[in-house]
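Remarks on the structure that follows.
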Amino acid sequence: MKKLTGVVSAAMLALVAAAAFAAQPVRDVSGHRHPNIAAAQRLTDQAYHRIVAAQQANEWDMDGHAAKAKDLLDQANRELKAAAEAANHDRK
């Protein structure tokens, strides 16, 4: 029974870790064309990694708040990309 519990715990931890890194924000704004937006994307990425570190330090149990914060950072990152694309469109 102890072996089964250990295997299940390890599998759950691996699944949570994989999910944590799967939704990581992507830095896809040109720093040359949009240095401020690219810097903001870099900061969302840094914040995401800090949340992952906090989750690991707290054994992932933060009542879902850390996961929601990561989702919001991903959303902010997508909005930054959309802002850069809109600026590109306006320049043409």
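Bear in mind these aren't lab numbers, they're just calculated from the coordinates by the rules spelled out. Bear in mind the structure is a predicted one, so any value in this text is a computation, not a measurement. Because the Cβ atoms are built from the backbone with ideal geometry, glycine has one as well, and the counts that use them run over all protein chains shown.
Would you please name the GluC sites (Glu not before Pro) within region 37-92 that are DSSP coil residues with at most 10 other C-beta atoms within 10 Å of their C-beta? Intermediate values should be presented prior to the final figure.
Numbers: sites: Glu59, Glu79, Glu85; in loops: Glu59.
Here the GluC sites (Glu not before Pro) that fit, given the DSSP loop and packing criteria, are Glu59.
To the nearest µm²/s, what D does Stokes-Einstein give for region 22-91 at 10 °C and 1.306 mPa s, using the Kirkwood radius over alpha carbon pairs as Rh?
Working: Rh = 12.8 Å.
Reported coefficient: 124 µm²/s.
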